[in-house]
Amino acid sequence: MNNLTSPTTVLSGMVLAMLVACASVDVSPPASVEMSDSTLTTNVRSSLASQPGLNPADIMVEAYDGEVRLSGFAASADEAEKAVAAARSITGVKVVRNDLKVK
């Protein structure tokens, strides 16, 4: 009997086809998107920390799909604007939402 048409070969091929067809599909967001948001948050925090006169401990940073939200407190309106400018300077930031409150 021909090797390609033997019952064992045919059965093995059918089992393999069923396993491939039943493979689970990952519906979670790709890790690169999550990593990108995480990296963006880290980069904005680093930028805030390097700004003289800013207290980064008072500023929360959240990032999602290139949109950065700054919340928390700033000592003055100038300090809040400095934080926004620092966030905008980061590559990958599309929009900065300023929810900082002046103390």
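The values are calculated or read from the model by the stated rules, or taken from the named source; none is laboratory data. Computed from a predicted structure; not experimentally measured. Reconstructed Cβ throughout: ideal geometry from the backbone, glycine too, with neighbour counts over all protein chains shown. Just so you know, the surface numbers come from the protein's heavy atoms only, side chains and all, with ligands and any DNA or RNA stripped out. Shrake-Rupley method; radii C 1.70, N 1.55, O 1.52, S 1.80 Å.
Descriptive notes on the structure:
- Among the residues of region 56-72, none qualifies, meaning not one is part of a strand (DSSP E or B), touching a helix residue (DSSP H, G or I) at 6+ places or on another chain (Cβ under 8 Å) and over 22 Å from Thr39 (Cβ atoms).
- Matching residues in region 73-103 - criterion: being surrounded by 14 or more Cβ atoms within 10 Å (Cβ to Cβ) and part of a strand (DSSP E or B): Phe73, Ala74, Val96, Asn98, Leu100
- First in region 78-102 and under 18 Å from Pro52 (Cβ atoms) and among the β-branched types (Val, Ile, Thr), second anywhere and at pLDDT 95 or above and open to solvent by 50 Å² or more (accessible area, probe 1.4 Å), Cβ under 9 Å, 6 or more apart: Val84/Asn98; Ile90/Asn43; Ile90/Ser46
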